[in-house]
Structure formats: structure tokens, C-alpha cells
Amino acid sequence: MQIAQDDLRRMLRLMHTIRSFELTAQTLFREGLAVGQFLGALHSYEGEEAVAVGVCAHLRDDDCVFSSHRGHGHSIAKGADVRAMMAELLGRESGISRGRGGSMHMFAPEIGLMGGNGIVGGGTPLALGPAFAAQYRGTDQVSVCFFGDGAASQGVFHECLNLASLWKLPVIYVCENNLWAATTPICDGWPVADLAPRAESFGMAGVAVDGNDLLAVYEAAGEAVGRAREGVGPTLIEAKTYRHRPHCMVIPEHRPEDELADWHARDPIARLEGHLLREGAISDVELADLVTEVEAELQAAADFARESASPDAATFADYLWA
Amino acid sequence: MRNVTYIRALNEAIAEEMKRDEAVFVIGEDVADCGGVFGVTAGMMKRFGRERVRQTPISEAAFTGLAVGAAMAGLRPICEIMYVDFATTCMDQILNQAAKLRYMSGGQVTVPLVIRTQQGGGTCEAAQHSQNLEAIFAHVPGMKVAMPSTPYDAKGLLKSAIRDHNPVIFLEHKLLYETKGEMPREEYLVPLGEADVKREGTDVTVVATSLMVLRALEAAETLAGEVSIEVIDLRTLVPLDFEAIAASVRKTGRLVVAQEAWTSGGFGGEIVRRVCEECFDALVAPPKVVGSADVPMPFSPGLEQAVLPDADAIVDAVRAVA
């Protein structure tokens, strides 16, 4: 599959933006802790950047994404403003959900970002909705649901595959199989090693990809989005990947050191950079500039968040009713 | 004026709104071919087609979640859950998702969803087909809750619920379906949040919901000449027309709340709380709540009738406070 070099550079930049966002978010979280403020759970997407970026590269603003508790990467890849996202982490009025949602509930419906979810598997049936709406209206939008291997053990997930395939809905289920459901290894959660084959039992397309290989994710997602737009039906993509951090900020690392080292060696950003350098699509200098620019952008976002005002406490009842 | 059944009233409301707005569709189990197991959507498939009357697998979590997501995408789903007891299999979609999406998104997401279901005992269907769960829905902020007692209210409230921009839980009662009532030929709406004085009186206020409104009216007839009862039909629990309750209690000084739900932990206790907090000075006797005995519904007819509150129970309660 041929991908324009501009597109690859753009995707690399997004991956760096996600990585830098997470590192900056952890700094803000620790700043909060230092003054006795616990800013909720924070689930890092570091290590999984190729999945969100490779999938969302095929989406338009009128396509919907339903994210998970580990959703910063999906939000950035869908085009969310990192300043508003950072302000949300601090609960500011300028936050992407006006400080009412926090890390797990970032919404920007104008670009199709339909929110993260604090319930593991909670987004899986919601994602059927915009897919149904597109079919109902005869338009060609698609709906994408990102979820983890933990969510794949929920009953509702299987109901969704059944209904999506039965009605040939334009929905793409993207499992980020990072091998750990919080602190439980996948061998204690699944009696089998792979998720993708479950698609076959529902009569739908299922494909497993190396989730740390942007090119592989991009290609698989392109086929899935194409099938959905053409009305052929849904796809289940199992992206095998790994998170660099523990489940969240307050859970210590418990995974085997050799496993961590093995996956760090397969870092998706380093792999894409290696590819681009070998192809001559980017130079060392351009790469260094890109990283410097992204880091400056995230520092500015953090400053914006710190300087933004918190919501007026008297407004706690706002936005309940339409 | 015409005399029509509660089922017919609901059917007309759905058909009128589907005709008025193409975004309105019906989704649920058995809703197309047989028109729902209670016949509320009879004839809809023939009139509006299978695309707008979507018959689903037995998969409440998936299709209710789909309805929530479709509402987020701008459609106006009428989601039928056959028995309120079955809604317990999709409480995540109702309580965690539908009720909270607008708030969590800082007002960016709108969920114009109606969940129609029916509840109540009296048909020997035992413990998993006879519950009254309105208090659960009313307890969680973010959903409106309607409980019509007459065909007139059923039609007017359902039309308002479909046009409302918020999630509405619409609780019908299985024993009301065949009841008849007067209804104008012209179109009308009953607003959500307005209680109705079904019978004026001076001595005791009886606040009732759903089937218990009919039982309260029977009790008022029984006690005519002895105690003058004012029967207030709440029609919706959320929004709650507390002003109507307060105005009546200030007149009578005596309160009985009649609900079919279990007596303990129900919405009746909530009404007593509000009256005690806000109208304590007007009370001349302790308020009473009439409800079901606090046990799962037994199957055997004699046991079931012993558990359910009837008109005599209301008569006894009224005499106790009068």
C-alpha cells in the first residue's frame, strides 16, 4: 500500500503529539499530587499511538469515534484541540468538556469525538448508533469504537458484534489488545490468544494486525472503513499492542521486566521514524524540529490549562438538561 | 370526543410523531411483525416500513445502547423494552450512558431518546415480570420519568416525550392497556412536569401514580360522604410537580401516597420527605405510603393479591390519617 510521504509525516507528528501529551499530563498530575490534589484516574496511551493514528487517518469530521477510559490518543488522532484537552485534565471551564468530564470523558461532537467512557465496554453499543443513523439516512459516515482486551470479555460486546453484522452496520470495532486488563494478564481473561477469530462466528470481517506498526494499522483500517462506507458491513480489528505505563497513575508497575523491555524495543514511534529515515521521507534535522515543535505545543497547552479558570462552583447543575 | 384504549392512545402518539418527524423510529423486540407483544406498535411496520420499525434480537444492551448512540447522532429513537424487568440487563446504557452523556460532555451532546416499557403486577407473571422500578430511574439525575394513568395522558405525554430533547423513561402499566378513556380528535400535548388533579376534595390528599390513580379514584368513591379525597396524578416523577402536591396538602393537611412499587425505598417516601421538609406546618396527621409488600412478586394468584396494594388499602390509609 502506497501512502503519501506528507501523510506519513503528519501521522508521525500526531503520534509524537499523543506521546508528548501523555508525558505532560503526568507532569500536571504529579503537580496536583504535590499540593494534595488528586485529579482522578489518568490512563496513559503511550505505546499504543499507532492504533489511534492509523485508524483515525481514514476518518472525516462527520465520522464518529467512541473512545475508552484510555482515550487521550483517540481524541488527539480525531483532531481534538490539545489545549482544551489539557485544560479538561485540570477541570477548567476552558476544558474540552467544560471541566465536567475529565480525562475519561472528552467530547467534541463537531469533529465526531463522541467521548471516552468510564465503563469498560460502555462505548461498544453506543457506537452502533451513529452507524445506524448513517444507514437510516442513506449517508456514508462510519462509526469507530476503540476498546481494550478487557472490554472484549463483556457480554455487551458480543451483542454488538451480532447486531452490527446482522444489520450490516458501518461500524468498526478496534480492539487495542495490550495484553493486560488493568493488572490481570490476558491469559487469565481469555481462554484463547486471539480476538479476531471471534468475528467469523458472527459472520463479519475480522483481522489481526501488529498494532505497533502504523503502516499495518493504516492498511487494515483503510480496508475496514472502505467496507463500511460501501455498505458491506462491520469489521473487527484486533491491534496487538502494549502500553508503556501501568494501567493508571496510581497502580504500580507489576508486569515482567523482560516483557516491558521487549515491547519498548517495538515502540511504534521509533519504528515509524526508522521507516521514514530509511525511505528518505524525513531527515534527522526535520525529525528533531518536529519533536521540538510538538513539545513546545504541549508546553503551551499545559500553560493554557494552568492559567485557565475553574468553573464557577455555582454552575454545578448546568448542562444536565437540554 | 372519542373513547379509546390506552394501547390505541400510545399507538396514535407514535404514528403521529413518526409522520411528523422522519428522525423518529421504533426499535425493540417483536415490534414489527406482531406490533409488540402488547400491540402498541401494531400496524406501524406496514405504514412506515421495516427501516423505521426495527425489530431486534433479544439483546437489550445492544439495541438500547444503539438507541442512545442514534440519539447522539440526531435521530429520535423510541426504544421499546418489553418489560421493565428486562431493563436491568441494560442499566449501563440507561443509567451510566443516556442519563449522563449531556452532563459529562459539558452540554455538547444531546440524547433525545424515549425508552418505552411497561411494568406492574396483577397478571400472575411472578417476580421477574411484575416489578415497578420507577424509583431507580427517578433517583439517577438526567432522565425524565413518565407514568401515565389514562389514555388521554398516555397519548399527550408520549408525544411530548418524543419531542423532548432529553432521555425519557416512559413507564406504562400492563393492566392499563385495555382501559378506555375520552380523547379529542384534534392533536394535543400533555407537558412533562404537570400533575393533574383527577378528583377534587377537601379532607385528604392522595398522591398516586399509574394504575394506583384508578385505585385511588375507587377509594374516593367508596369514601364519598365520609371523607373527601383529592386525587393528584403526578403523571411524571421527573420533572416533579411538587407545587401541585404542596398546594393540595396545604388545603387538606393530610397526605396518603399510593404507589404499586414496594413501600420501602420507593418514590412515595421521597414525596413524604419533600412534604415534611417543605409543608410540615400544614400537616395535621402523619403522612402514609401505600405500596406493595416488600417481597418479590409471588406467582400464586392469592399470594399476588396479598402483596399488591388495592383500593381497600387506600381506604384504610385514608381513614387512618383522616
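The values are calculated or read from the model by the stated rules, or taken from the named source; none is laboratory data. Given the structure is predicted, the values throughout are model-derived calculations rather than measurements. For neighbour counting, all protein chains shown are included, and Cβ atoms are generated from backbone atoms with ideal geometry for every residue, glycine included. Side chains are part of the model used for accessible areas, which takes the heavy atoms of the whole protein and leaves out ligands, DNA and RNA. Shrake-Rupley method; radii C 1.70, N 1.55, O 1.52, S 1.80 Å.
Selection within the stretch B:50-83: residues that are closer than 12 Å to B:Val114 by Cα and of a type outside the set (A, V, I, L, M). The member of this set that is most open to solvent (accessible area, probe 1.4 Å) is B:Arg76.
Here are some residues: B:Val213, B:Val227, B:Val275, B:Val321. Which one is under 30 Å from B:Gln128 (Cα atoms) and either open to solvent by less than 30 Å² (accessible area, probe 1.4 Å) or modelled with pLDDT under 95 (or both)? Break it down stepwise before answering.
Details: B:Val227 fails: under 30 Å from B:Gln128 (Cα atoms); B:Val275 fails: under 30 Å from B:Gln128 (Cα atoms); B:Val321 fails: under 30 Å from B:Gln128 (Cα atoms).
Every option except B:Val213 fails the conditions.
Taken over the stretch A:122-159, the criterion of being more than 8 Å from every other protein chain (Cβ to nearest Cβ), open to solvent by 10 Å² or more (accessible area, probe 1.4 Å) and over 14 Å from the mean Cα position of the chain (by Cα) is satisfied by A:Gln135, A:Arg137, A:Gly138, A:Thr139, A:Asp140, A:Gln141, A:Gly150, A:Ser153, A:Gln154, A:His158. For the stretch A:245-257, the condition holds for no residue, the condition being that it is touching a helix residue (DSSP H, G or I) at 6+ places or on another chain (Cβ under 7 Å) and at pLDDT 95 or above.
State the number of residues belonging to the stretch B:236-271 that are among the aliphatic types (A, V, I, L, M) and part of a helix (DSSP H, G or I).
Within the stretch B:236-271, residues that are among the aliphatic types (A, V, I, L, M) and part of a helix (DSSP H, G or I) number 6.
Looking only at residues in the stretch A:76-117 that are touching a residue at least 40 places away in the same chain (Cβ under 8 Å), over 19 Å from B:Gln97 (Cβ atoms) and within 15 Å of the chain's Cα centre (by Cα), which one is nearest to the other protein chains (Cβ to nearest Cβ)? If we take residues in the stretch A:76-117 being touching a residue at least 40 places away in the same chain (Cβ under 8 Å), over 19 Å from B:Gln97 (Cβ atoms) and within 15 Å of the chain's Cα centre (by Cα), then A:Ile111 is nearest to the other protein chains (Cβ to nearest Cβ). Taking (1) charged (D, E, K, R); (2) within 14 Å of another protein chain (Cβ to nearest Cβ); (3) in contact with a strand residue (DSSP E or B) (Cβ under 8 Å, 6 or more places away or on another chain) in turn, A:Glu238 satisfies each apart from (2). Screening the stretch A:164-279 for helices (runs of 4 or more DSSP H) wholly inside it with 3 or more residues that are under 30 Å from B:Gln55 (Cβ atoms) returns the ranges A:198-201, A:214-229.
Yes/no matrix, rows are residues, columns are (1) within 18 Å of B:Gly269 (Cα to Cα); (2) under 21 Å from the mean Cα position of the chain (by Cα):
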| site | (1), (2) |
| --- | --- |
| B:Leu283 | yes, no |
| B:Gly302 | no, no |
| B:Val307 | no, yes |
| B:Ala317 | yes, no |
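Here A:Gly47 meets the list (1) in a helix (DSSP H, G or I); (2) crowded, with 24+ Cβ neighbours inside 10 Å almost entirely, failing just condition (1). What about A:Glu31, is it among the charged types (D, E, K, R) and in contact with a helix residue (DSSP H, G or I) (Cβ under 7 Å, 6 or more places away or on another chain)? No, not satisfied. Residues that are open to solvent by less than 10 Å² (accessible area, probe 1.4 Å) and free of Cβ contacts under 8 Å to residues at least 40 places away in the same chain within the stretch B:16-32 comprise B:Met18, B:Ala32, listed in sequence order. Looking at the stretch A:14-28, is at least one residue touching a Cys at 6+ places or on another chain (Cβ under 9 Å) and of a type outside the set (Asp, Glu)? Yes - at least one qualifying residue is present in the stretch A:14-28. Within the stretch A:258-285, if we keep just the residues that are surrounded by 15 or more Cβ atoms within 10 Å (Cβ to Cβ) and of a type in the set (Asp, Glu), the residue that is farthest from the chain's Cα centre (by Cα) turns out to be A:Glu273. Contact map, the stretch B:238-252: residues that are crowded, with 19+ Cβ neighbours inside 10 Å paired with residues that are assigned to a helix (DSSP H, G or I) and at pLDDT 95 or above, Cβ distance under 7 Å, separation 6+ or inter-chain. Pairs shown: B:Val238/B:Ala138; B:Ile245/B:Ile271; B:Ile245/B:Val275; B:Val249/B:Val275; B:Val249/B:Cys279; B:Val249/B:Ala282.
Checking each residue in the stretch A:169-192 for being within 22 Å of B:Gln93 (Cβ to Cβ) and surrounded by fewer than 24 Cβ atoms within 10 Å (Cβ to Cβ) picks out only A:Ala181.
Can you pull out the residues in the stretch B:1-14 that are more than 18 Å from B:Ala71 (Cα to Cα) and buried (at least 16 other Cβ atoms within 10 Å of the Cβ)? Outline the logic, then answer.
Kept after step one, since they are more than 18 Å from B:Ala71 (Cα to Cα), are these residues of the stretch B:1-14: B:1-13.
Those that are more than 18 Å from B:Ala71 (Cα to Cα) and buried (at least 16 other Cβ atoms within 10 Å of the Cβ): B:Val4, B:Thr5, B:Tyr6, B:Ile7, B:Arg8, B:Ala9, B:Leu10, B:Asn11, B:Glu12, B:Ala13.
The numbered conditions (1) charged (D, E, K, R); (2) more than 9 Å from chain A (Cβ to nearest Cβ); (3) farther than 25 Å from B:Ser300 by Cβ are all true for B:Glu125 except (3). Taking the stretch A:286-322 as the range and being in contact with a helix residue (DSSP H, G or I) (Cβ under 8 Å, 6 or more places away or on another chain), surrounded by fewer than 15 Cβ atoms within 10 Å (Cβ to Cβ) and within 14 Å of chain B (Cβ to nearest Cβ) as the test, only A:Ala322 passes. As for the stretch A:58-72, it holds at least one residue that is surrounded by fewer than 24 Cβ atoms within 10 Å (Cβ to Cβ) and among the acidic types (Asp, Glu).
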